[in-house]
Amino acid sequence: MNKPDQALLQYFNGKDILQMDQFNRLQIEAVLQTAAYYEQKLKNKERLYDMDGKLMASLFFEPSTRTRLSFESAMHRLGGNVVTVSEAPGLQFSSRSKGESIADSIKVISSYCDVLVCRSSEDGTRHVVADNSSVPVINAGDGAGQHPSQSFLDMYCIFKEKGSPDGKTVAMLGDLKYGRTIHSLSQALSHYDTKIIYSSVPGLEMPLDQLNQLKKAGVNYEETYNMEYAVKNSDIIYMTRVQKERFDTLAEYQEANKKLSFTAEYLQIMREGAIIMHPLPRAGELDEALDCYPGAAYFRQAAGGLPVRMALLALVCGVAKINSI
Ligand code: NCD
């Protein structure tokens with residue numbers, strides 16, 4: 001990775017972080033370099049004031065622990081402040097509300113703060129929020145749509161554990177239809193010479209429009225229902241949870257869930273040095289017996305969420321400085 005120059009860092013100033021196809025390889029790596037800088041600062045236990053006087057509004061309309069706490073911790077670690085809303089009965093993200101109340105709410109909330117972090121349960125909310133906000137918006141996950149900050153931390157983990165994704169094969173497993181982390185990470189990897197093997201069960205495959213987008217970008221991918229094949233032939237295994245909250249019926253969810261699990265038996269067939277990633281939380285699909293395997297990277301992956309989100313906040317607020325990186 002080359003060290004980013006000041007102009008590249010300034011590119012992010014005032015920008016929204018909505019979906020991964022906004023960013024090219026250089027821009028992705030600029031975020032990762034900024035995150036590495038903040039990780040070092042955290043290790044040195046330095047007190048930071050980069051966001052002194054700045055306020056982040058944290059709007060989570062879908063349950064979240066990791067993402068929300070890592071964004072809020074990131075802002076505090078940067079010396080900034082946070083206001084937060086988790087439930088607001090008057091606020092409706094649903095299209096049933098005709099988008100009116102959300103638009104007005106975002107106009108008002110953005111007039112109070114310097115950056116807005118938002119999660120909702122509906123794909124596409126990112127655009128409504130961004131269109132109505134007067135400050136930069138970071139999409140912290142919108143329905144089955146996109147989850148770009150997760151992809152930056154996934155890329156951070158891949159670089160740390162395995163180096164550049166060029167020349168590597170990534171198996172993406174689990175709920176590929178509703179898994180927004182899969183959708184975003186696929187777009188990020190499309191800038192690398194990475195092969196992707198998608199493996200799921202019938203009905204939960206990668207959405208066709210997304211596959212077409214990847215095809216256009218020249219991504220080398222394969223689809224299979226044979227999880228063993230995907231695991232055997234990959235350097236990075238990215239497992240995901242079946243997204244219970246996005247199914248119409250509990251029976252449909254249970255049917256899919258019992259077929260999708262990654263057990264410790266797979267260790268026998270994995271490539272030497274292969275790593276296992278998972279965005280967490282896990283819900284039974286990732287065997288706890290895997291946790292002591294050195295390549296089980298998911299907790300290290302989650303820990304990277306803090307410096308990566310510090311980087312994103314500092315970059316969109318224009319306070320990340322090249323001379324410090
Ligand atoms: C992911 C999400 O919310 O999409 N989790 C997260 O951000 N840590 C994955 C998931 O919920 O399965």
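Odds and ends about this structure:
- Put a dot 7 Å past the Cα of A303, heading toward its Cβ, do the same for Y229, and the two dots end up 3.7 nm apart.
- Under 29 Å from K321, Cα to Cα: lysines that are on another chain or at least 8 residues apart: K3, K15, K41, K43, K45, K54, K160, K162
- Order of H127, H147, H191 under a 10 Å beta carbon neighbour criterion, fewest first: H127, H191, H147
- Residue separation of E252 and N24 scaled by 0.36 nm, minus their Cα-Cα distance, works out to 78.3 nm of gained length.
- Net dipole in debye of segment 218-313 [+1 Lys, Arg Cβ; -1 Asp, Glu Cβ; about Cα centre; nearest 20]: 340
- Over the residues of the chain, the helix contribution to mean residue ellipticity at 222 nm works out to -11500 deg cm²/dmol, using -39500 (n - 2.57) for each DSSP H run of at least 4.
- Compactness of segment 173-325 is given as radius of gyration and Dmax, 16.8, 55 Å, from Cα positions.
- Residues whose amide H falls under 5 Å from that of Y221, counting only those 5 or more places apart or on a different chain, are I196, with hydrogens built in the peptide plane.
- Leading residue at positive end of dipole, the chain (Cβ point charges), from N81, A30, N44: N44
- Relative contact order of the chain, defined on C-alpha pairs under 8 angstrom at six or more residues apart (%): 23
- With neighbours defined as other Cβ atoms within 10 Å of a residue's Cβ, the residues R126, R246 order from fewest to most as R246, R126.
- Debye, to nearest 20: dipole size of the chain, +1 on Lys, Arg Cβ, -1 on Asp, Glu Cβ: 720
- Ordering K195, K259, K216 by the number of other Cβ atoms within 10 Å of each residue's own Cβ, fewest first, gives K216, K259, K195.
Where a number appears in this text, it was derived from the coordinates with a stated rule and is not lab data. Note that the structure is predicted; figures quoted are calculated from it, not measured. Don't worry about glycine lacking a Cβ; one is built from the backbone with ideal geometry, like all the others, and counts go over all protein chains shown.
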